[in-house]
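Notes to accompany the following structure.
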Amino acid sequence: MTLVTTNGLSSMTEAGTAVPRSGEAIRVLVVDDHVLYRRGLELVLGQEADIDIVGEAGDGHEAIRRTEELLPDVVLMDVRMPRRSGIEACTAIKELVPSTKIVMLTISDEESDLYEAVRAGANGYLLKDVPGEQIADGIRAVSTGQSLISPSMASKLLSEFALMIKRHEERPAMPVPRLTERELEVLKLVARGMANRDIAKALFISENTVKNHVRNILEKLQLHSRMEAAMYAVREKLLDLPE
């Protein structure tokens with residue numbers, strides 16, 4: 001089984017571009033509520049000369065704390081955990097440490113988990129049955145700015161995109177809601193994958209103000225997530241994208 005990288009998706013989900021400098025090991029935090037699985041990952045990945053396991057966590061709450069403390073390049077995290085799920089932790093980590101890349105690992109092949117992981121800003125989504133060396137390759141991929149999904153899940157994600165487009169095309173034609181100039185600025189930065197904290201710095205406004213703008217944008221456009229907002233911006237040609 002091979003890994004599939006999806007650079008198009010990457011442009012919508014990545015919030016940072018921090019990449020380990022040449023010659024430096026990729027610093028990885030392993031998060032899973034099963035101790036034996038964590039130990040197995042650490043054993044396999046520990047044999048890779050360019051990967052350094054800097055810490056571990058047993059639930060989403062601890063993952064957030066350890067990420068803030070260790071500032072890893074990549075967090076390798078289970079989707080379903082006690083106290084706080086991997087999806088919830090992913091959302092929080094992307095807000096707190098946007099440069100950290102996150103690869104979700106799961107035994108579940110349910111589409112809902114995949115969609116929520118993408119919406120939360122995950123850079124990769126792999127099933128736990130992939131060989132250890134492919135997990136290592138996945139870590140290398142996301143550390144250089146790529147996004148990756150197990151092939152069996154990639155087809156499901158593409159199907160969801162197609163369904164979203166079809167639903168949009170089938171909607172009755174309605175006047176396009178008018179966004180304020182500031183809301184358009186925020187929308188463009190959301191579509192570029194920037195976290196609220198980075199948008200606030202770029203526009204010299206508070207993070208709470210950014211959150212209010214994002215909420216208003218979603219309400220006006222009748223959208224449900226930042227990912228849908230990004231797709232809207234691309235579809236309406238609000239971004240200056242390279243040919």
Original post:
What is the spin-label model distance, in nm, from LYS237 to GLU69 if the labels are put 7 Å beyond Cα along the C-beta direction?
Top reply: 5.2 nm
Original post:
Which links in LYS94/LYS211; LYS201/LYS237; LYS101/LYS188; LYS211/LYS237 stretch past 18 Å when you go from one Cα to the other?
Top reply: LYS201/LYS237; LYS101/LYS188; LYS211/LYS237
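Taking the highest mean first, how do the peptides 59-69, 131-141 order by number of other beta carbon atoms within 10 angstrom per residue?
Numbers: 59-69: 19.5, 131-141: 17.5.
Highest-to-lowest ranking by the protection proxy: 59-69, 131-141.
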**OP:** Show the residues, 5+ positions off or on another chain, whose built amide H is closer than 5 Å to the amide H of ARG80.
**Re:** GLY86
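Using r as the Cβ-Cβ distance of LEU223 and ARG80, and R0 as 30 Å, what FRET efficiency do you calculate, to the nearest 0.05? Spell out each step's value before the answer.
Working: r = 26 Å, r/R0 = 0.88.
Step by step, r from the Cβ atoms, then E = 0.70.
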Subject >> Solvent exposure, largest accessible area first (probe 1.4 Å, DNA, RNA and ligands not counted), of ILE205, ILE93 >> reply: ILE205, ILE93
**OP:** Using θ = phi - 60° and the Karplus relation 6.51 cos²θ - 1.76 cosθ + 1.60, list the HN-Hα couplings for segment 24-31 in order, rounded to whole Hz, with x at every Gly or Pro.
**Re:** 9, 6, 7, 8, 10, 9, 9, 10
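I want the local charge near PRO131. Using Cβ-Cβ distances under 14 Å, sum +1 for each Lys or Arg and -1 for each Asp or Glu among the other residues.
Working: positive: LYS128; negative: GLU48, ASP129, GLU133, ASP137.
Net local charge, PRO131 excluded: -3.
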Subject >> J(HN,Hα) series, segment 129-141, from Karplus relation 6.51 cos²θ - 1.76 cosθ + 1.60, nearest Hz, glycine and proline x >> reply: 7, 6, x, x, 5, 6, 5, 4, 4, x, 4, 5, 4
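The values are calculated or read from the model by the stated rules, or taken from the named source; none is laboratory data. Bear in mind that the values here come from a model prediction, so they are computed numbers and not experimental data. Using ideal geometry, Cβ is built from the backbone for each residue, glycine included, and neighbour counts are taken over all protein chains shown. Accessible surface is based on the protein model in full, side chains and every heavy atom, while ligands, DNA and RNA are left aside. Shrake-Rupley method; radii C 1.70, N 1.55, O 1.52, S 1.80 Å.
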